[in-house]
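Each reported figure results from applying straightforward, stated rules to the coordinates on display, with no laboratory input. A quick note: this is a predicted structure, and the numbers were derived from the prediction, not measured. As a convention, Cβ positions derive from the backbone with ideal geometry for all residues, glycine included, and neighbour counts pool all protein chains shown.
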Amino acid sequence: MSAEDALKSKFSGDELAFSQFRDNHRVVVPAAKLFEILAFLKNEQHFDMLAEVTAVDYLEYDGAKDRFGVVYVLVSTKSGERLVIKTFVNDPEPLLPSVYSLWKSADWLEREVYDMFGIRFSGHPDLRRILTPDEFTAYPLRKDYPLKGRGERHNFPVLTRAES
Amino acid sequence: MPFEVSDLAELDAPDKEYLWTLNFGPQHPATHTTLRLILTLDGETVVNAVPHIGYLHSGFEKLGEHLDFNQYVTIVDRMNYISPLHNEISWHHAVEKLLGIELTPRCKYLRTILAELMRIQDHLLNTGTCALDLGGFTAFLYFFQQRELIYDIVETASGQRFHTSYTRVGGVAFDVNNAWVDKVRSFVKGFAAVHAEVHRLLTRNRIFIERVKGIGYLSAEDCINMGVTGPLARASGVLRDLRKDEPYLAYPDLDFKVVAAKDGDCYARYLVRMQEMVESIKIIEQCIENIPEGPVNVDAGSKAVIPAKPSVYRSIEGLIQHFEVMMPNRGFASPKEEIYAATESPNGELGYYIVSDGTPRAYRARTRPPSYIHFAVFPQIIKNHQLSDVVAVLGSLNIIAAELDR
């Protein structure tokens with residue numbers, strides 16, 4: 001039984017949307033069920049590697065209903081299968097459960113999503129900014145953040161040699 | 001374990017006042033680029049390491065949303081600048097998968113040769129500098145001389161030694177000629193001798209072995225759980241290589257082995273990389289003698305492809321298509337879809353997640369950089385090692401900061 005069939009039978013009561021494009025098998029899951037589904041895929045369907053966590057801001061996307069899509073690419077190192085799990089979260093407080101307890105690779109990947117999109121992950125052990133400085137206030141990969149910046153650099157306090 | 005806040009509180013306790021804090025980097029010769037580590041030391045033993053990254057963050061992914069599929073290639077080859085052409089091949093692999101373009105056989109072989117040359121180039125630098133950091137200067141020089149030859153080969157093909165921007169949607173910028181084939185042949189012929197010489201210099205060198213053997217151990221389970229791929233995972237016994245598992249380009253036609261080791265330490269990684277170079281040479285040998293004839297770019301009937309120069313200058317159809325592809329306000333239609341596509345880069349799984357909104361520009365161009373995933377492992381494997389091992393482990397992880405921070 002493929003992982004998708006297993007998902008269909010196990011979570012038959014939920015709204016899962018299955019699709020395929022080229023060789024990507026994709027499932028869109030409701031955010032409330034995300035952790036349960038990912039835990040099922042890891043523990044019972046041998047998807048033992050989390051290759052990628054990323055987010056997309058659908059603010060300017062034609063026909064999109066939700067603001068953020070968060071994407072998990074799972075890999076089974078035994079069968080070589082891949083499964084792309086996607087879920088949607090919305091403003092004002094985008095929040096998802098952290099999957100750090102399932103895969104440790106989620107640690108920095110979720111931190112980057114938080115840093116770039118401002119999506120918080122509850123249960124993450126150390127959710128700090130990772131690529132931008134701690135005092136940075138914006139989320140640069142959001143679509144309402146302009147390409148050329150808002151002048152954060154000019155607002156940084158300048159330390160003189162005497163003060164440092 | 002990756003860094004946890006509770007760890008730090010424990011280390012701050014009054015009875016732990018004898019611990020030292022050492023700032024390693026961002027400017028340090030052994031970090032090669034700008035990495036920063038905060039090490040907590042008990043004498044010379046590292047009890048905790050906290051990486052601070054982002055010094056080279058330059059918003060590549062944001063730029064990817066504003067450049068079209070051909071233009072962004074100039075940015076991706078600045079990510080892992082040790083093997084720039086491989087990033088381009090990976091990026092266009094993802095784009096072509098999105099657009100549904102099947103490459104010509106000649107282009108597949110050509111890209112395979114270039115990808116393997118890049119793998120050799122990356123492993124040459126990595127094993128060379130790993131030895132250099134540990135005090136073995138000679139191997140580094142021998143290997144860098146081979147890298148020069150690869151630069152020459154790449155320059156002959158693309159006109160650029162380093163940031164080549166050579167691939168295009170559906171092909172490459174220029175076809176190669178016989179002079180290029182001869183250069184690759186002579187490189188392949190001369191490489192084995194240098195490789196054997198470095199083997200003699202390092203592999204059974206007692207000083208080198210004592211610095212790397214048993215250092216930086218990573219188990220197979222941890223590799224899988226922490227998303228580690230590429231030579232690092234294979235050195236721990238994870239038999240996973242996208243060239244075999246999800247074949248792309250010309251790899252299904254070729255005969256090569258997946259190199260793996262069991263030990264999972266720095267020495268195993270060194271051995272895996274050394275042997276992978278031999279396998280790459282085997283692949284290049286097979287490809288270079290069997291490059292198919294024919295066009296290198298896919299047929300210009302596909303709207304996304306830049307037409308050949310003669311047809312631009314001599315036919316109105318070619319000129320129109322060139323105009324359509326090149327002008328920023330024109331462009332072609334791409335499927336309104338999302339795709340994740342990955343290739344086996346020298347460093348591990350290099351993936352791109354592209355969201356397209358129907359324009360020739362990505363709506364979101366996410367890179368899954370192997371260095372980023374691998375550096376997250378560092379705090380765990382350095383624990384309870386000596387300070388001098390930090391350099392050995394960093395060298396064996398092959399962290400490229402430009403790819404790490406993007």
Q | Filter result for the condition that a residue is acidic (Asp, Glu) and farther than 30 Å from residue B:123 by Cα, over B:289, B:344, B:317, B:279 | A | B:317
Q. Considering A:51, A:31, A:39, A:55, which residue is within 21 Å of residue A:3 (Cβ to Cβ), touching a residue at least 12 places away in the same chain (Cβ under 8 Å), among the aliphatic types (A, V, I, L, M) and at the interface with chain B (Cβ under 10 Å from one of its Cβ atoms)?
A. A:51
Q: Could you tell me whether residue A:64 is among the hydrophobic types (A, V, I, L, M, F, W, C) and within 9 Å of chain B (Cβ to nearest Cβ)?
A: no
Q) Looking at this structure, is residue A:140 over 17 Å from residue A:34 (Cβ atoms), exposed (fewer than 15 other Cβ atoms within 10 Å of the Cβ) and over 14 Å from the mean Cα position of the chain (by Cα)? A) no
Q. Limited to the range B:206-236, what total is found for residues that are in contact (Cβ under 8 Å) with a residue 12 or more places away in the chain and farther than 23 Å from residue B:129 by Cβ?
A. 6
Q | Hits in the range B:61-71 (condition: in contact with a helix residue (DSSP H, G or I) (Cβ under 6 Å, 6 or more places away or on another chain) and either charged (D, E, K, R) or crowded, with 24+ Cβ neighbours inside 10 Å (or both)) | A | B:69
Q) Among the candidates B:48, B:70, B:87, which residue alone is out of contact with any Ser or Thr (no Cβ under 8 Å at 6 or more places or on another chain), of a type outside the set (Val, Ile, Thr), more than 11 Å from every other protein chain (Cβ to nearest Cβ) and in contact (Cβ under 8 Å) with a residue 24 or more places away in the chain? A) B:70
Q. Which is buried (at least 16 other Cβ atoms within 10 Å of the Cβ) and closer than 18 Å to residue B:367 by Cα, of A:48, A:57, A:126?
A. A:57
Q.
Take the residues in the range B:27-60 that are in a loop (DSSP other than H, G, I, E, B) and among the hydrophobic types (A, V, I, L, M, F, W, C); name whichever of them is surrounded by the fewest Cβ atoms within 10 Å (Cβ to Cβ).
A. B:56
Q | Test: residue B:313 is more than 30 Å from residue A:105 (Cβ to Cβ), in a helix (DSSP H, G or I) and out of contact with any strand residue (DSSP E or B) (no Cβ under 9 Å at 6 or more places or on another chain) | A | yes
Q: Determine whether residue B:40 is of a type in the set (S, T, N, Q) and closer than 16 Å to residue B:250 by Cα.
A: no
Q. Which residues, counting only those in the range A:27-44, are surrounded by fewer than 19 Cβ atoms within 10 Å (Cβ to Cβ) and closer than 11 Å to residue A:84 by Cβ?
A. A:28
(Q) When the residues of the range A:77-90 are narrowed to those that are within 11 Å of chain B (Cβ to nearest Cβ) and out of contact with any Leu (no Cβ under 8 Å at 6 or more places or on another chain), which ends up nearest to residue B:365 (Cα to Cα)? (A) A:86
Q: Find the residue count for the range B:189-218, including only residues that are in a helix (DSSP H, G or I), among the small types (Gly, Ala, Ser) and buried (at least 18 other Cβ atoms within 10 Å of the Cβ).
A: 0
